Amino acid sequence: MASNPLESGSTRGKRRGILGRRTLLRSIAFGALGVVGKGLVPAATASAETKKTPLAPAERRCAPSWPVWRSGFDGQRRADLGDGHFLNPIVSGDRPDPTILKDGDDYYMTFSSFNYYPGIVIWHSRDLVNWVPIGPALRKPIGSIWAMDLIKHQGRYYIYIPAVNVEVSPEGKVILKPGQSPFSLHVIHAENIRGPWSDPIDLKIHGVIDPGHAVGEDGGRYLFVNDGRRIRLTDDGLAAVGELEKVYSGWKYPRDWVVETYALEGPKILRKGGWFYMISAVGGTAGPPTSHMVIAARSRSINGPWEDCPHNPIVHTESAAERWWSRGHATPVQGPKGDWWLVYHGYENGYRTLGRQTLLEPIEWTEDGWFRAKGGNLAGPLAKPSNTSTSAVAGQPLSDDFSMDTLGARLAFFSPGEGYLERVRYGPDGLVVKGSGTNTADSSPMAFIAGDHSYEIRVEVNLEGEAQAGLLVFYSPRWCCGLGYDAKRLYSYQAGVSTPGAQAKFEVDRRFHLKLLNNDNVVSCYHSPDGKAWTLDFSAEVSGYNHNIAGGFLSLRPALYVSGNGSAKFRSLQYAGKNSMSGEV
């Protein structure tokens, strides 16, 4: 197991349009952009008729004592416990809306990548628990990438992609031309899952999200989308035929349940045993901890009618005391031994800043042809789908000397402009990044996903020209926190704002070191001339840097930024994860 390589150390930016589903829809309707273990909880297995009304008490700042993880690369938490069991999440950090493909003995999975490019990073596994990244499938920016569907049809791989594009006025209003929708569906395809992938093709399907591919009993190809709608595709899957049609109204939960909104979305179609099963999400993907849930319906024909499952909801967080909140957006998949599982996402109790993380839960098929979830609230270890060797690789190191190009798989640009790939150069002497914009907000930072409760990051920076560069935790242009220098001044950012008095003159060489310690959402920022003697500049509490406060369905990520006329060279980024409930197993 990897050891921890580090020791613990003692002007408002220009706003960009970071939008959530509900915010965006309401904005269009009303013309304004709003701001948007021990003692395990018993499993939820009751039917909708007997289930208690879920409550959403005040959210906990710190989770109670629960079972612990193993340590992986750089002290990152690892799901595989090494004893035939695993502990969720199977992929930690911001990996929402998982879409999974079983391809022989291999499994492939990808997640919503939103405003980050290169995006749509594909991961590989042989056992559903230990996952490693392959690399990004999309380099050309087409908007904010939401929930996709990764499929294989007649020997070719396809990813159906919803992209969101809006223009926001300086006053914060959404600018749309008459009849224009910010939502559009695209597709990319490849002969090999590892690429190369085609350029994105606009399917000319607008106003929908969350595509789910299906093949009917007649061999026809379809996309099911949010709000129970469907559209037919051409035989090659690269264009639409006809118009959207409403085919399913969705299962309705009791009106007194504490949820965000109804939001029927994320349809995934499974054909099994003479039935077509539609697995969907309702309740809203954020908001109260008890919002999101998994529901199912089935039909003998791809054309319906669709019958709701009597066991709905299949998965649901019933209390804010549970370890995982807002569990939903599921895809069923058959395991290596022939058993069945659901892969979906959820927020971690006390750590919304990490985003929605990927979870795995076993299901069982019942005599009536339906299925039930068997994992309870996922607070404790579960038996692995297969007895994979304990030496199986999982994840990747986040520490980096930047000698090899890992763009997309680790670092990715936030909302980059045209030609963004020309801004960066990897090499034996480090990572060189050209400046963009004037500060953190419009610099298009390079961020990576961290899935640990606490972590420490150190990096060496060399300035070239009239550049400002620094180290952040970054949610969005408005919500970031960290330190930067331009060889003349120190710049301290909290909530995306250069704090009063922080732009102080500071004698620093063009070569300096920065350190950021995130300790359970309390961030401390340090600088050093040599990487040995450290000075604490400030500390800030950042638990509010999450979707429920800031919108956008994003996560708080470590990031490097370079702005101004010049460039910066980053060397020897060192990452060390530490989890408040973790330990050696």
Among the candidates TYR491, TYR545, residue that is of a type in the set (Ser, Thr, Tyr), surrounded by 16 or more Cβ atoms within 10 Å (Cβ to Cβ) and at pLDDT 95 or above: TYR545
Only listed residue being assigned to a loop (DSSP other than H, G, I, E, B) and farther than 30 Å from GLY496 by Cα, chosen from ASP442, ASP405, ASP368, ASP452: ASP368
Subset tally (residues that are assigned to a loop (DSSP other than H, G, I, E, B), more than 20 Å from ASN377 (Cβ to Cβ) and out of contact with any Phe, Trp or Tyr (no Cβ under 6 Å at 6 or more places or on another chain)) for the stretch 281-315: 6
Residue within the stretch 374-390 that is modelled with pLDDT of 95 or more, in a loop (DSSP other than H, G, I, E, B) and either surrounded by fewer than 16 Cβ atoms within 10 Å (Cβ to Cβ) or aromatic (Phe, Trp, Tyr) (or both) present: no
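Table: residues versus (1) assigned to a loop (DSSP other than H, G, I, E, B); (2) under 24 Å from GLY104 (Cβ atoms); (3) not assigned by TED's automatic domain parsing to the domain that holds ALA281.
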| residue | (1), (2), (3) |
| --- | --- |
| GLY135 | no, yes, no |
| ALA163 | no, no, no |
| PRO178 | yes, no, no |
| LEU185 | no, no, no |
| HIS189 | no, yes, no |
| ILE209 | yes, no, no |
| TYR222 | no, no, no |
| ILE231 | no, no, no |
Some residue of the stretch 568-582 being of a type in the set (A, V, I, L, M, F, W, C), part of a loop (DSSP other than H, G, I, E, B), at pLDDT 95 or above and crowded, with 17+ Cβ neighbours inside 10 Å: no
Qualifying residues in the stretch 544-562 (those that are in a loop (DSSP other than H, G, I, E, B) and of a type in the set (Ser, Thr, Tyr)) - the one farthest from the chain's Cα centre (by Cα): TYR545
The listed residue being closer than 30 Å to ILE549 by Cβ, out of contact with any Phe, Trp or Tyr (no Cβ under 6 Å at 6 or more places or on another chain), surrounded by fewer than 23 Cβ atoms within 10 Å (Cβ to Cβ) and of a type outside the set (Gly, Ala, Ser), out of LEU407, LEU354: LEU407
Residue in the stretch 97-118 that is surrounded by 24 or more Cβ atoms within 10 Å (Cβ to Cβ), farther than 24 Å from VAL225 by Cα and not β-branched (Val, Ile, Thr) present: yes
Any hit, the stretch 321-332, residues being assigned to a strand (DSSP E or B) and surrounded by fewer than 17 Cβ atoms within 10 Å (Cβ to Cβ): no
Subset of the stretch 119-146 (residues that are surrounded by 23 or more Cβ atoms within 10 Å (Cβ to Cβ), farther than 24 Å from GLN76 by Cα and β-branched (Val, Ile, Thr)): ILE145
Test set (1) in a loop (DSSP other than H, G, I, E, B); (2) at pLDDT 95 or above - PHE413 fails condition number: (1)
Answer from GLY408, GLY427, GLY419 - the residue that is of a type in the set (Gly, Ala, Ser) and in contact with a Pro (Cβ under 6 Å, 6 or more places away or on another chain): GLY408
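A quick yes/no check of all residues on (1) surrounded by fewer than 12 Cβ atoms within 10 Å (Cβ to Cβ); (2) more than 21 Å from ASP202 (Cβ to Cβ); (3) in contact with a Lys or Arg (Cβ under 7 Å, 6 or more places away or on another chain):
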site: VAL215; (1), (2), (3): no, yes, yes
site: GLY219; (1), (2), (3): yes, yes, no
site: VAL225; (1), (2), (3): no, no, no
site: ILE231; (1), (2), (3): no, no, no
site: ASP236; (1), (2), (3): no, no, no
site: ALA239; (1), (2), (3): no, no, no
site: GLU243; (1), (2), (3): yes, no, no
site: LYS252; (1), (2), (3): no, yes, no
site: ARG255; (1), (2), (3): yes, yes, no
Among the residues listed as LEU238, LEU244, LEU270, the single one being in a loop (DSSP other than H, G, I, E, B), in contact with a strand residue (DSSP E or B) (Cβ under 9 Å, 6 or more places away or on another chain), modelled with pLDDT of 95 or more and not β-branched (Val, Ile, Thr): LEU238
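The values are calculated or read from the model by the stated rules, or taken from the named source; none is laboratory data. In this text the structure is predicted, and so the values were computed from the model without any measurement. Counting neighbours? That spans all protein chains shown, and the Cβs are built from the backbone with ideal geometry, glycine included.
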